[in-house]
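Notes to accompany the following structure.
The values are calculated or read from the model by the stated rules, or taken from the named source; none is laboratory data. Computed from a predicted structure; not experimentally measured. For neighbour counting, all protein chains shown are included, and Cβ atoms are generated from backbone atoms with ideal geometry for every residue, glycine included.
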Amino acid sequence: MVLTGDQDTIVAQATASGRGAVAIIRLSGARACDMARALGVSGSLAPRQATLVTLRDPQDGSLMDRALVTWFPAPRSYTGEEVVEFAVHGGRVTAMRVLAACVGAGARPALPGEFTRRAVVNGRLNLMQAEAVADLVDARSTAEQQQAVKQLDGGLSRRVLALREQLLHLEALLAYDIDFPEEDDGPIAPARITTAALQLRDALAALLSTVPRGGLVRDGALVVLAGPPNAGKSSLFNALLGQSRAIVTSVPGTTRDAIEALLDRTPLPLRLVDTAGLRETDDPVEQLGIEMSQRYLRQAQVVLACGASEAELQHCVQVVEGRTTAAVLAVYTKCDLTQPTGEDRLAVSAERGDGLSALLEAIDVAVQSQTPMPDADAVLVTRERHRVALTQAHEEVMCFLDAWTTQALPAPVAAAHLLTAREALSELIGVIDTDDLLDVVFRDFCIGK
Ligand SMILES: Nc1nc2c(ncn2[C@@H]2O[C@H](COP(=O)(O)OP(=O)(O)OP(=O)(O)O)[C@@H](O)[C@H]2O)c(=O)[nH]1
Ligand SMILES: [Mg+2]
């Protein structure tokens, strides 16, 4: 595949801009070394070893920085091309000067994700690993980061490649059957094809069964704080987050909108939602907030039913249990004022910080019970693009099985389902690399990646 501008040597700052100790400027392309020379790098550079150099502006020879330069010769570089990286002093000005000097020497500013795109085009990463790079950069929680690292390591793409191999094998068996249909004692028993297709169907289903868990890793398990006005929900929300996100006042009905925040917990991050207190009201704005609370209750994995007295808490648990299938934890709030008397109460004080760790542990356990993890090291399907392709492959294999076992279609027609399934997996892994597909994957990347 040849893209316009694919032959250009590109440049970008690979580190975040702003104040910092070090900034990295990355050049990739056939002329990367020439450009480094234009900036004053002299003598020979040892591959993949940092060397201290003096960088000068090619325009007027003025000193830009004393910096470390590293040369990664093609093809053993991130992009598979000639790569030169300058580690210059951080802050905006030095990095900008070095970047501008590279552009002055003929480099083109890189597009978002262009380095990783080149890595894919040059076979250094497959498409799913490239997506994992973006997930790693954008990870908001430890669980998400761990999944991204596993996917970058090839965990998921190895599974997809193996499935694709299995499909090819099945297609080969079928082709043999199509070529020699009249042979009574042909080498391929029909049952062998059925068994291979069943194994494939089950392997695809197993991978697809990780989708709900993958969604929770990406978005967090939904944990909703519910209860009557003034129960201390917003105070507890803030205390769990360790920051003042929601407004707290002594006026009942303070929270009117649902407020969300992600809390980084392992094995799953928590998507905490503070809601409007549940009560009968004539105020239309508060009523809308309460309807929103009820919507969240229906979607939650865990609900913290909050109450600041036994009577309030009992009533709250009863109301909440009628509106959700989630795990419900009875949280006795403001325990610095009064102590619970009922059983299975999680007593907390947002004011003093009492009971918060125990509550978080109870939430983690409840989340686990809602979405059991078959294998702690499992690689999960976290992206919609992956889910769609795997679902299509699964459906096509099911269609094939149906046609094959009922003999509803001639074998060559049934085989078309396997071909479509294989194409779905090929597109997933990037074996078929159309420009359109690459555009979709790389448009959300940051520049310098
Ligand atoms: N003593 C004590 N007071 C608390 C505690 N938590 C909350 N409060 C007080 O209780 C009042 C209500 O707290 P909020 O957190 O706003 O209660 P809420 O449940 O969010 O109320 P709405 O948003 O109106 O539904 C405030 O005056 C808080 O200062 C606590 O742990 N101990
Ligand atoms: Mg509130």
Could you identify the single residue in A50, A38, A14 that is in contact (Cβ under 8 Å) with a residue 24 or more places away in the chain, over 20 Å from G90 (Cβ atoms) and assigned by TED's automatic domain parsing to the domain that holds F115? A38
Which condition from (1) within 30 Å of V388 (Cβ to Cβ); (2) surrounded by fewer than 21 Cβ atoms within 10 Å (Cβ to Cβ) is the one that T210 breaks? (2)
Failed criterion for R218 (all others in (1) of a type in the set (D, E, K, R); (2) within 16 Å of ligand 1 (Cβ to nearest atom); (3) at pLDDT 85 or above hold): (2)
The helices (runs of 4 or more DSSP H) lying wholly within the stretch 49-154 that contain at least 1 residues that are among the basic types (K, R) are 92-104, 114-121, 142-152
Test: C306 is within 23 Å of R345 (Cα to Cα), out of contact with any helix residue (DSSP H, G or I) (no Cβ under 7 Å at 6 or more places or on another chain) and of a type outside the set (A, V, I, L, M): no
Which residue, of D34, D65, D8, is over 36 Å from the mean Cα position of the chain (by Cα) and closer than 21 Å to R118 by Cβ? D34
Answer residue from the stretch 251-284, given it is within 11 Å of ligand 2 (Cβ to nearest atom) and surrounded by fewer than 22 Cβ atoms within 10 Å (Cβ to Cβ) and is nearest to the chain's Cα centre (by Cα) among those: I259
Test: residue in the stretch 324-336 that is assigned by TED's automatic domain parsing to the domain that holds L156, over 32 Å from the mean Cα position of the chain (by Cα) and either farther than 30 Å from Q129 by Cβ or outside any helix (DSSP H, G or I) (or both): no
All-but-one check, G242 against (1) of a type outside the set (F, W, Y); (2) away from ligand 1 (no atom under 14 Å from the Cβ); (3) within 30 Å of R387 (Cα to Cα), failing number (3)
Take the conditions modelled with pLDDT of 95 or more, surrounded by 14 or more Cβ atoms within 10 Å (Cβ to Cβ) and in contact with a Leu (Cβ under 8 Å, 6 or more places away or on another chain) and apply them to A32. Does it pass? no
